[in-house]
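The values are calculated or read from the model by the stated rules, or taken from the named source; none is laboratory data. Please read all numbers here as calculations on a predicted model, not as lab measurements. Note: ideal-geometry Cβ built from the backbone for every residue, glycine included; neighbour counts use all protein chains shown.
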Amino acid sequence: MLSKTMQDAINEQIKNEFYSAYLYLSMSAYFESINMPGSAKWMRAQFGEEQMHALKMFDYVNDQGARATLKPIAQPTVDFASPVAAWEMVLEHERQVTALINQLYAQAVAEKDYATQTFLAWFVTEQIEEEKNATLMVERFRQAGNNIASLLLFDGHFTKRGE
């Protein structure tokens, strides 16, 4: 059984995961608007992953005999200075999510909630991959700089994600 404080903390993270999904969907729309379909597809796939993360937490709370409660989601950023700026925001956002997951894990440790520690270990590992991927994308987009041909060539590689 989850403690009330752990239940509240996971419910807050459910909101954060849905916000992440909403942010990536907003980024997908941005990339579509500037004719970068590969990045748009990548962001849309990320949208689906973040929804899955939120639902995984939602189910865990309910499975533990507690209650998942949904909270309001803030408006995500809709305009970005450049494709590089958008990708840099992805990296910064993933670092923030990592910090939030680590805080949840620390709370589970403090409460000696072994089931939640085990559950959250998957998210800790997932964030390693998320940050690694975001770092790679930022570096590649930085290397492309303002060279339109390089940006479009690199963007084209993303069209294969999920296939």
Considering only region 44-58, I want to know if a residue exists there that is within 18 Å of Trp87 (Cα to Cα) and of a type in the set (Gly, Ala, Ser).
yes
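Taking the stated definitions as given, is Glu131 charged (D, E, K, R), in contact with a Lys or Arg (Cβ under 7 Å, 6 or more places away or on another chain), surrounded by fewer than 18 Cβ atoms within 10 Å (Cβ to Cβ) and part of a helix (DSSP H, G or I)?
Criteria met by Glu131.
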Within region 72-95, can you find the residues that are modelled with pLDDT of 95 or more, within 26 Å of Leu151 (Cβ to Cβ) and either within 10 Å of the chain's Cα centre (by Cα) or β-branched (Val, Ile, Thr) (or both)?
Thr77, Val78, Val90, Leu91, His93, Glu94, Arg95
For Lys112, the lone unmet condition from (1) at pLDDT below 90; (2) on the phi > 0 side of the Ramachandran plot is (1)
Considering residues of region 126-143 that are more than 13 Å from the chain's Cα centre (by Cα) and free of Cβ contacts under 8 Å to residues at least 12 places away in the same chain only, the residue farthest from Gln64 (Cα to Cα)
Gln143
When Leu151 is run through (1) farther than 23 Å from Ser20 by Cβ; (2) without any contact (Cβ under 8 Å) to a residue 12 or more places away in the chain, the failure sits at (2)
